[in-house]
Amino acid sequence: MSNQTETLEFQAETRQLLQLMVHSIYSNKDVFLRELISNASDALDKLRLESMIDKDLQVDTGDLHIELVADPEARTLTVRDNGIGMSRDDVVALIGTIARSGTAELLQKMRESRDAAASQELIGQFGVGFYATFMVAEKVTLLTRRAGQTEGTRWESTGAGTYEIGTVDDAPQGTSVTVHLKPEDSEDNLFDYTAEAKIREIVKRYSDFISWPIRMAVQRPGGEEGSSTTEVQTINSMKALWARPRDEVAEEEYRDFYRHVSHDWSDPLETIHMRGEGTFEYEALLFIPSHAPFDLFQREGRRGVQLYVKRVFIMEDCEALMPEYLRFVKGVVDAHDLSLNISREILQQDRQIQVVRRRLVRKVLATIKDLQANNAEKYRTFWTEFGRALKEGLISDTDNRETLLEVVSLASTHDPAELTTLAGYVERMKDGQSDIYYATGESRTMIENSPHMEAFRAKGYEVLILTDPVDEVWVEQVGQVDGKALRSIAKGQVDLDSEEEKKEAEAEREQRGKEYAALLTWLTEHLKEQVKEVRLSSRLTTSPACVVGDAFDMTPTLEKMYRAMGQEVPTVKRILELNPTHPLVTGLRKAHEQGGDEPALTETAELLYGMALLAEGGELTDPARFTRLLADRLARTL
């Protein structure tokens, strides 16, 4: 080794995570070997792919394999591969640092969770497989050399906060991880991981399907008394699970394969095993996870399934096979008729890939629909974890919009605890009701307390409560469901009266129109910088005023969303509606008729508009002025 060895500190969050692993919050410590084998398998896949892409890469891919070396006397277990390997920078970036946003959130949740089962589920969400070695290790030594480079790197740590890293001249290509094992402790589920039987048990349970040979040197009795011979055996079957008939695959095998492809430690919610035949043959093994990954809504989050061609790994995250709104789906697709040299750009345009994509999407949606119909608990879990992402498909996937509308579940005023389907809403619609009413906002509480809800509550009309940012967009895009228009309760005119009620109230409405005409004209002029119109409201019962938009106006929330994305959109002036029966409004009308102090009336108008804006959760353009006006007005009442 050269003299370039140095001691570095782990990233602060990595140190905290290592402490959690060292003190073992996960009871099944066997999985450390599964994680190391899975990483080695990935490295072999990447080397074969790199050798096909880069013809100048001088590597031997004739005997790619994973090797397990147990040393009972030294109490070490080494997992070695001759795959792609890592450079020094790779080691620092991938092992010295958890290079993922969201790690702080993971640690906070772990500290808050006193439930071991919940803690191990959290670990799975953040994919920290390599660090699992510190559950069983007193020390971990890693030796690696990236394919095509001449110098290797040696990394070593006890997981106590620092690691040593140095340059090695004679490292073989690939990576070896040597785990210096803690003493056996059956009470703490620490077994003898140098024992052949234990290693075979773990490989059989978790890694039998790995497509590369996993080899191990084993001792066998020889011909002469007391003598033995050493032979190298392949201890996994290497049978691709997706190529086997479903009735020949055990559920435990599916679960273990899911953990391999997803780097998730929990079980999948649902397994989808399908085969396409005819002009374009393929096999697919897909999984719907039981919980959302932490990066589901982050731009850099991983999406797509693994692509194989005739069992040869081609691509890790093949986005062409799965739309973005189904980015949580994990698994593999093995196509029989694609070129091994196909690129991401070609895949996006490939007709056969598009056919497979359509079939996969239909199958996933059919599976979700089946959960909804036949397994309420699983469907509830699915919707809680992935419903917000699935609703993105209502915007982007017009071909499957009808199916998506069938599986969507939404909160509504019908039941404070249970969600409803759109079909369920339509079934409960009142006689004569032609529209599906909805309200958007930041929270259920804000929407339920909004002035816009008053008339609907008084008349007993059900309103959908939409609180996800994506809701603002898809309701506009979809427009109608089953012939019923989706209509915001905060837009346009609202008239919930029956024809008979309208006739009875017609005279009173005309009289009010005449009484308030002068005030409405005056208010429209004095508030012209804020609103485009002031009118009487038919949606208010207790509040003095509310702010609404025209039927086709962009909502304030949508305006903010576009601006947050860097898009310039014009500010849309809205409409101020007044409740003609509220004492504040009737008092303002009388004061205006009597020629009251105009500056005071103008301040009252500002306060009225500001209160209406705040009541719906809006933002004041000048909070300081509003507060000052309100304080002055309150002072005069004392």
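The values are calculated or read from the model by the stated rules, or taken from the named source; none is laboratory data. Predicted model only: the values in this text are computed from it and were never measured. We place every Cβ from the backbone using ideal geometry, glycine too, and count neighbours over all the protein chains shown. All accessible areas refer to the heavy atoms of the entire protein, side chains included, with ligands and DNA or RNA removed. Shrake-Rupley method; radii C 1.70, N 1.55, O 1.52, S 1.80 Å.
Identify the residue in region 197-207 that is under 30 Å from I314 (Cβ atoms) and open to solvent by 20 Å² or more (accessible area, probe 1.4 Å) and, among all such residues, is modelled with the lowest pLDDT.
R205
Please go through region 53-83 and pick out each residue that is over 16 Å from Q233 (Cβ atoms), in a loop (DSSP other than H, G, I, E, B) and not hydrophobic (A, V, I, L, M, F, W, C).
D54, K55, D56, Q58, D60, T61, G62, P72, E73, R75, N82, G83
Within region 376-435, considering only helices (runs of 4 or more DSSP H) that don't extend past its boundaries, which have at least 2 residues that are under 18 Å from F297 (Cα atoms)?
By residue number, 376-390, 393-396.
Quick check on region 508-532: of everything there that is farther than 17 Å from K590 by Cα and open to solvent by 70 Å² or more (accessible area, probe 1.4 Å), which residue is nearest to the chain's Cα centre (by Cα)?
Across region 508-532, the extreme among qualifying residues is Q530.
All but one of (1) within 46 Å of the chain's Cα centre (by Cα); (2) open to solvent by 60 Å² or more (accessible area, probe 1.4 Å); (3) without any contact (Cβ under 8 Å) to a residue 60 or more places away in the chain hold for L584, so report the exception by its number.
Condition (1) is where L584 drops out.
Take the residues in region 1-15 that are of a type outside the set (A, V, I, L, M, F, W, C) and at pLDDT 70 or above; name whichever of them is least open to solvent (accessible area, probe 1.4 Å).
Ranking the candidates gives T14 first.
Failed condition for T604, given (1) surrounded by fewer than 17 Cβ atoms within 10 Å (Cβ to Cβ); (2) part of a helix (DSSP H, G or I); (3) without any contact (Cβ under 8 Å) to a residue 40 or more places away in the chain; (4) over 35 Å from the mean Cα position of the chain (by Cα), with all others met?
(1)
Of the conditions (1) within 20 Å of W474 (Cβ to Cβ); (2) open to solvent by less than 60 Å² (accessible area, probe 1.4 Å); (3) not polar (S, T, N, Q), D399 fails just one. Which one is it?
In the conditions (1) within 20 Å of W474 (Cβ to Cβ); (2) open to solvent by less than 60 Å² (accessible area, probe 1.4 Å); (3) not polar (S, T, N, Q), D399 misses (2) alone.
Given the residues E184, E251, which is the only one that is surrounded by fewer than 17 Cβ atoms within 10 Å (Cβ to Cβ) and within 30 Å of D295 (Cβ to Cβ)?
Answer to the selection: E251.
Quick test of your reading of the structure: L285 fulfils all but one of (1) within 30 Å of L77 (Cβ to Cβ); (2) modelled with pLDDT of 90 or more; (3) not in a strand (DSSP E or B). Name the failing condition by number.
For L285, the exception is condition (3).
Checking the structure you have, find out if any residue of region 330-341 is out of contact with any strand residue (DSSP E or B) (no Cβ under 6 Å at 6 or more places or on another chain), within 23 Å of T403 (Cβ to Cβ) and either among the polar types (S, T, N, Q) or surrounded by fewer than 20 Cβ atoms within 10 Å (Cβ to Cβ) (or both).
no
What residue, of Y516, Y437, is touching a helix residue (DSSP H, G or I) at 6+ places or on another chain (Cβ under 8 Å), among the aromatic types (F, W, Y) and either in contact (Cβ under 8 Å) with a residue 60 or more places away in the chain or farther than 25 Å from S409 by Cα (or both)?
Y516
Taking the stated definitions as given, is T521 out of contact with any Gly (no Cβ under 7 Å at 6 or more places or on another chain), outside any helix (DSSP H, G or I) and free of Cβ contacts under 8 Å to residues at least 60 places away in the same chain?
no
Yes or no: L558 farther than 23 Å from A455 by Cα, in contact (Cβ under 8 Å) with a residue 24 or more places away in the chain and among the aliphatic types (A, V, I, L, M)?
It is true that L558 is farther than 23 Å from A455 by Cα, in contact (Cβ under 8 Å) with a residue 24 or more places away in the chain and among the aliphatic types (A, V, I, L, M).
Can you find even one residue in region 316-327 that is within 14 Å of F382 (Cβ to Cβ), touching a residue at least 40 places away in the same chain (Cβ under 8 Å) and buried (at least 21 other Cβ atoms within 10 Å of the Cβ)?
The answer is yes, given that some residue of region 316-327 is within 14 Å of F382 (Cβ to Cβ), touching a residue at least 40 places away in the same chain (Cβ under 8 Å) and buried (at least 21 other Cβ atoms within 10 Å of the Cβ).
Can you work out which of the residues in region 460-498 that are part of a loop (DSSP other than H, G, I, E, B) and among the hydrophobic types (A, V, I, L, M, F, W, C) is farthest from D431 (Cα to Cα)?
Per the criteria, the residue is V470.
Of the residues T230, T167, T194, T279, which single one is open to solvent by 20 Å² or more (accessible area, probe 1.4 Å), at negative phi, touching a strand residue (DSSP E or B) at 6+ places or on another chain (Cβ under 9 Å) and of a type in the set (S, T, Y)?
T230
Of everything in region 208-227 that's over 30 Å from V309 (Cβ atoms) and either in a loop (DSSP other than H, G, I, E, B) or of a type in the set (D, E) (or both), which residue is least open to solvent (accessible area, probe 1.4 Å)?
Looking at residues that are over 30 Å from V309 (Cβ atoms) and either in a loop (DSSP other than H, G, I, E, B) or of a type in the set (D, E) (or both), I get G222.
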